[in-house]
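The values are calculated or read from the model by the stated rules, or taken from the named source; none is laboratory data. All of these numbers come straight from a predicted model, not from anything done at the bench. SASA here: full protein model, heavy atoms, side chains in, ligands and nucleic acids out. Shrake-Rupley method; radii C 1.70, N 1.55, O 1.52, S 1.80 Å.
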Amino acid sequence: MDIAKLRKPELSRRDFIKVASMTATYLGLSQALTPQIVQALESTSGKPAVIWLEGQSCTGCTESFLNNLEPSATSLLLDTISLRYHETAMAASGHQANAALEDTIAEGGYVLVIEGSIPLAQNGRFCTIGGKPFTQIVRESAKNAAVIICVGSCATFGGIPRSGPTDSVGYLY
């Protein structure tokens, strides 16, 4: 067995900025945001904690992220970030998932990714997770985040759900 394969790969600052730029591109973000993303990621010790919330969406942004080839989602999830909460990609579910979300919010300083629109009609009852309206989850998660990244047109402008009866909007808090 080649022992070199067991070593954790080193990531130079130059490579780190390339990964941040590629990630911004994959998520459909402007390259102008790369300095802010790099600053937010560098301000945390070790791997940056990430909370990825998903409201009213088709999960297309998550699917695009998980199907990345370079860098691969596996590489990003295991080597680069600490994905603490994501309903689709995390191992935990139910009470364990909610506890991971609450613990990360209490720690603060995480990267908050929002995918999907936020329904405002009927006090947010059109999208609930764990018995809580998505509007409440977004507000609670945003207050201790180091940076907030809206992914896709739904999280940015309300997307297709905006045209329905849910009075959906992009992130506006």
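Considering the alpha-carbon set of the stretch 54-173 alone, what are its Rg and its Dmax in angstrom?
Looking at the stretch 54-173, its Cα Rg and Dmax stand at 14.2, 42 Å.
Given the Cα-Cα distance of residue 122 and residue 93 and 0.36 nm per residue of separation, how much length would full extension add, in nm?
7.8 nm
What part of the accessible area of the stretch 49-96, given as a whole %, is carbon or sulfur when the probe is 1.4 angstrom? Let's see the in-between values first.
Working: 1310 of 2420 Å².
In the stretch 49-96, the share of accessible area belonging to carbon and sulfur is 54 percent.
Just from the alpha-carbon atoms, what are the Rg and Dmax of the stretch 92-155 in angstroms?
Final numbers for Rg and Dmax: 12.0, 31 Å.
For the full complex of protein chains and a 1.4 angstrom probe, list 143, 132 by accessible area with the highest value first.
143, 132
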